[in-house]
Every structure is written in structure tokens, then in C-alpha cells.
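The values are calculated or read from the model by the stated rules, or taken from the named source; none is laboratory data. Quick caveat, the model's predicted, so the values are computed rather than measured. Neighbour counts are summed over all protein chains in view; Cβ atoms, including those assigned to glycine, are modelled from backbone coordinates with ideal geometry. Please note that ligands, DNA and RNA were not included when accessible areas were found on the heavy atoms of the full protein model with its side chains. Shrake-Rupley method; radii C 1.70, N 1.55, O 1.52, S 1.80 Å.
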There are 2 protein chains.
Amino acid sequence: MARRSIEEIRRQELVEACLAVVAEEGHDAATTQRIAARAETSAGIVHHYFGDKASLLQAAMRSVRTPVADAYRDRLTAGGIADGSGRAALSACIDAHLDPSILTVRRAAAWLQFTSRVAYVPDYARIHAAIRCRQIAALRRSLRGMSADPGAAPAVALRLAIAIDGFWAECATREGGLMPGEARAAIDAILSDSVL
Amino acid sequence: MARRSIEEIRRQELVEACLAVVAEEGHDAATTQRIAARAETSAGIVHHYFGDKASLLQAAMRSVRTPVADAYRDRLTAGGIADGSGRAALSACIDAHLDPSILTVRRAAAWLQFTSRVAYVPDYARIHAAIRCRQIAALRRSLRGMSADPGAAPAVALRLAIAIDGFWAECATREGGLMPGEARAAIDAILSDSVL
DNA sequence: AATAATAAATTGAACGATCAATCAATAAAT
DNA sequence: ATTTATTGATTGATCGTTCAATTTATTATT
């Protein structure tokens, strides 16, 4: 159990150090040496716990979006929304993506570093597709029964996802991050045009 | 004059080869050797005409958005819009950014490669800021006198720019590119919410 | 017009630096 | 005593850049 504990601790430390380097210095600067230095350990430890650098980077990429999924689930249960449909669920999903406590400059910067390489790194494409798929599914489910034209729900969900991604990218390139409610105004505009 | 001609030809060949490699294989794969191979020349020629690799990459980044600016100017003159304000000018600006002949997968992919490094490469930040600044200025000018709340024009212009960037990024990660009118629908939704 | 002289264009080998990954050796923990 | 954790040196590959050598083009001279 002690062995498992140390392993978990080291892996998490390395993931956090990796994420910090990727966000602050860019994916290109994320060398094993630099990540190890940030985690206050040696370069060899990366290969001891992750096998290779790519596996660590993938673990780091996966960890970027987990706070969004967690926040969405928490808001659903807190609001007593079981089936995940309706206006409250939609709001929960959007807020989970845009709340300032979740959409931070660091997280957005790291996310942009990974997603911008999706077309060239198949492993990133897999992770990105899975996350985007779940996001679209949640948006569609929440739109069920509240769209003026039910057939338009998939298109609206996709539109929302793309707009959300746009604000994540914008957040990554602005030192102070987004202004409160700045993204929400644009999202609501898209919504008010196609939702009852 | 012959000397100058050869220089111009080589520089343009290198910029195009650089753009092709960046878009198809990613910025990380854009080595001098690979770019030179794509241009059917040798690696040393990059330094002969550009000094270093960074200068070539910057020239390539600048060239990505010139078709947008050109298309915008052409549409303004074709429509006889001198002052660049009004609904027709706004449409011209948006179309210049979203028309399928301009927003291609290759161009979007290359643009994403450069903009995702803006936070870490000061030279990219300069180029990006200049282009974004002109884009915002054009949008604000076109919104003049047609917004319900004139004070909201800057915020609306920024919202539009971010949404446009979102669709450029989406276009980069989809093999077939965007569907015709797919982006326009979301943009119009943002507009109809804040413009007369 | 033909040839020599000069300049420009191009190449490929070489250099130093940096990288991921391996591995034998050491330290710590069980 | 045995397993686990950790280190740092090493290896082989690749990178940007430099540079001397070579080819090609242009100009000057006869």
C-alpha cells in the first residue's frame, strides 16, 4: 500500500509539473528535464513512472478537462437534475465550462497547447474526440425539449461547443483572463436565437 | 533586376513550403531540412534568404491572413462602400473571414499553429496583435450607427472576433472543413441579439 | 561576339547543442 | 535481504547554423 501511495503521489506531481510547464512555457518547452526540474526530481523518474514522455503528456491533457466534468456533475446533483435535460441542465453545462474558477488562464493555455496538436498527434486526437463527444452529448441532452426546432438541437449544440472553445482560446492569450460574464453574453446570444 | 527577381521567387517558394509543412505536419515538424525539401532546395538556402528559421516562420505567419484582408478590401470596393461602415461592410468583413475560398482547412491549420504559440513567441504575439487590431477596427467601424446600444459596439466586435476565431480553430481540426454557412449561422445569432 | 572576371546562388559537410531514452549504480524502504 | 525508488552519466539521433567549395549567372574587356 505504501508502494501504491508513493506511485500515485509521484504520478500526480509529475502531471502537475507537466501541466505547469506546458501552460507557462508551451508544449515545445516541455522536455523531460524541465518537467522533472519543476517537480523537483530527476529526468529518469518520468520514464520510471510513465514509460515515456508522451504518456505523461497524455495524462496531463486528460487532467485539464476533469474539473469541467466534475463541476458539471456537481451542479446537476446540487440542482436535483436527474436526467440532465432542460434549461437548468444547459446552464449547468455552460457554467461548468465558463466559470472563472474553472476557466483559468493556465488551464486554457494548457488546453490550447494540446488541442492545437490534435491534427498531428493521434493520441491527442483520441483524447480530444472523447471529451468533445461527451460535451456535445451533454449539450444535446440539455437542449432536448427546449429548442424551437428539435431537429436543430445537434447544430445548436455544436455551435455552442465551438463558441465555448473560442472563449477558451481567447482566455489563453489574455494575461488577465476573461472578464466575468464576457463569454456568457455571446453564448446567450447564440442560445436566444435558437431556443425557446 | 534579375537578381531581385530570383530573390523574390525563392522567398515566396520558401514561404509557401513553410506554410505547407506547418499546416500538414505541424509547427513542430517545420525544420529547415523539411521546409527546404518541400521547396525542392537545400537547407542552407533558408539562411541565405531569411537569415534564420524564425524569420521565415514569421513571414509565413504574416502571409496566412493576407487573403482575408485582400478579400475584405475587394468586397468593399466592389460594393462601393467607401467609409467601411454599415451592414454591407459588416457582412463584407465577416464573409472575408468565413468564405470557403478563404477559410480553408490548410489556412486554418497553419493559423492555429502560429496563434497557439503567441503566449510563448513574442514575435508571433506582435504579428497576431497587429492583425487582430485591424480586424477589430474593421468590425467596430462597420458597427457604427447600426448597434442598438452604440456603447456596446466594442464588446460586440470583440465577441464576433472570438467567435470567428473559434470557427477557424474548428475548421483546422475537421478534415473536410466547415459546412457552407455553418459558421455564418452562429455569427448571425450573435449579431441579431445586439444589432438593429 | 567571345572570353575573362566578377558576383550571386546553391550545396553539403561539419559543429555544437539539445533531446528522449537507456541503464548500471546507489539509496531507501520494507 | 529483497524490493522499490532514485539518480546521473551515456547513447544515438536530430536540430539550427556556419562555412568553404562549387555551380551558375552577370558584367567587363578584348
* Asked: For residue B:95 and residue A:148, what is the calculated FRET efficiency with R₀ set at 25 Å and r taken between the beta-carbons, to the nearest 0.05?
  -> 0.40
* To do: Report, for residue A:78, each distance to the same residue's label point in the other copies, shortest first and in nm; define the point 7 Å along Cα→Cβ.
  => 5.1
* Find which of A:76, A:139, A:116 sits farthest along the positive direction of the dipole of segment A:69-152, computed with +1 on the beta-carbon of Lys and Arg, -1 on that of Asp and Glu, about the Cα centre. => A:116
* **Coarse-grained scattering of the protein assembly as shown at q = 0.07, 0.08, 0.09, 0.14 Å⁻¹, given as base-10 log I(q)/I(0) from a Debye sum over alpha-carbon atoms** => -0.36, -0.47, -0.59, -1.30
* Structure fact -> Here the tail fraction of P(r) beyond 14 Å, over all Cα-Cα pairs of segment B:108-148, rounds in percent to 58
* Asked: Assuming R0 = 51 Å, what is the FRET efficiency of residue B:63 and residue A:83, from their Cβ-Cβ distance, to the nearest 0.05?
  -> 0.50
* Asked: Can you give the accessible area of residue A:49 in Å² (nearest 10), computed on protein heavy atoms with a 1.4 Å probe?
  -> 40
* To do: For segment B:34-94, report the accessible area per residue in Å² (1.4 Å probe, heavy atoms, rounded to an integer).
  => 48
* Asked: Relative to the longest principal Cα axis of chain A, at what angle does helix A:53-78 sit, 0 to 90 degrees, rounded to 10?
  -> 40
* How fast does chain A diffuse by Stokes-Einstein, in µm²/s, taking the Kirkwood radius from C-alpha pairs at 20 °C and 1.002 mPa s? -> 119
* Structure fact -> Taking a crude spin-label model, label points 7 Å out from Cα along the C-beta direction, the residue B:43 to residue B:188 distance in nm is 5.2
* Asked: In debye, nearest 20: dipole of segment A:2-192 around its Cα centre with unit charges on the Cβ of K, R (+) and D, E (-)?
  -> 520
* **Inter-centroid distance (Cα atoms) of segment B:159-181 relative to segment A:1-68, Å** => 32
* Asked: Local charge sum around residue A:40 (other residues, Cβ-Cβ under 13 Å, Lys/Arg +1, Asp/Glu -1)?
  -> +1
* In the protein assembly as shown, what percent of the accessible surface is made up of carbon and sulfur (1.4 Å probe, ligands and nucleic acids excluded)? -> 55
* With the solvent-accessible surface defined on protein heavy atoms using a 1.4 Å probe, which residues belonging to segment A:143-180 display a reduction of at least 50 Å² in accessible area in the multichain context relative to the isolated chain? -> A:159, A:162, A:170
* By how many degrees, 0 to 90 and rounded to 10, does the Cα axis of helix A:105-115 deviate from the longest principal axis of chain A? -> 90
* Name the nearest-to-axis residue of chain A, judged by Cβ distance to the rotation axis taking chain A onto chain B, and quote that distance in whole Å. => A:166, 1
